[in-house]
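Here is the structure we will look at.
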Amino acid sequence: MANRLSSEESIPILVINGAVGGTSVWLHQRNENNPTDLESIYGRLLWRAQQANVADSVRAIVWHQGEADGATPYGDYLAMWTAMYEGWLIDYPNTEGVYVMQVRSGCGNPTWNRNVHRDLPDLLDLVLGHMSTTGVSGHDGCHFYNHTYVEWGERIARLLHRDLYGATY
């Protein structure tokens, strides 16, 4: 994703990866009393962005998570996701867009949160779109192979390129 955007725009692109495999959305929540809580996934990512002096330069957030929340009811997942999103808007104040990669069925059978992912662009202003991960081959029923991530990167780069840089396809 970053390589494609950097090449297309001839500018450097910074990506900060806050992913932690196998985690539930509740583990990604902002600690309202201490947003940079180093004991939390959210806090560690925010702390790193602040230490690098780039938190105010974040233009987009890409979210890919959900398999671990297969049993979480729609309303609960939506509430936690919305709370996290609201925290992002506080801590990354210049965010122009949030992009959700809708998880595929498989691990944990994440039916409800897949529906949340699909609905988010209609519910939250800065969620500009979602991208299904279902139509890309290259998985073992749960985990994905490297070429799958490359394809996802290409696809999400086109969305970011369109929305942040005005590209047309």
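The values are calculated or read from the model by the stated rules, or taken from the named source; none is laboratory data. Note that the structure is a prediction, hence the values are computed from the model and not measured. Note that each Cβ is placed from the backbone with ideal geometry, even for glycine, and that neighbours are counted across all protein chains shown. Ligands, DNA and RNA are excluded from the accessible area calculation, which covers all protein heavy atoms including side chains. Shrake-Rupley method; radii C 1.70, N 1.55, O 1.52, S 1.80 Å.
For GLY129, the shell of other residues with beta-carbons less than 10 Å away shows a net charge of 0, using +1 for Lys and Arg and -1 for Asp and Glu. Average accessible surface for region 23-169: 49 Å² per residue, computed with a 1.4 Å probe over protein heavy atoms with every protein chain in place. Taking amide H atoms as placed 1.01 Å from N in the peptide plane, the amide H of ILE61 lies under 5 Å from those of GLY97, VAL98, TYR99, each 5 or more residues away in sequence or on another chain.
Summary of packing: across the peptides 121-128, 8-15, the per-residue average of other C-beta atoms within 10 Å ranks them, highest first, as 121-128, 8-15.
Across the alpha-carbon set of region 8-53, the Rg to Rh ratio works out to 1.09, Rh being the Kirkwood radius. Accessible surface of region 11-107, 1.4 Å probe: 53 percent of it comes from carbon and sulfur atoms.
Where both bridge residues fall in the chain, DSSP classifies roughly 10% of the beta bridges as antiparallel.
Just to be sure I understand, if you calculate Cα extents along the principal axes in Å for this structure, which of [x] 43, 42, 29; [y] 61, 44, 24; [z] 93, 28, 24 do you get? Here Cα extents along the principal axes in Å agrees with entry [x].
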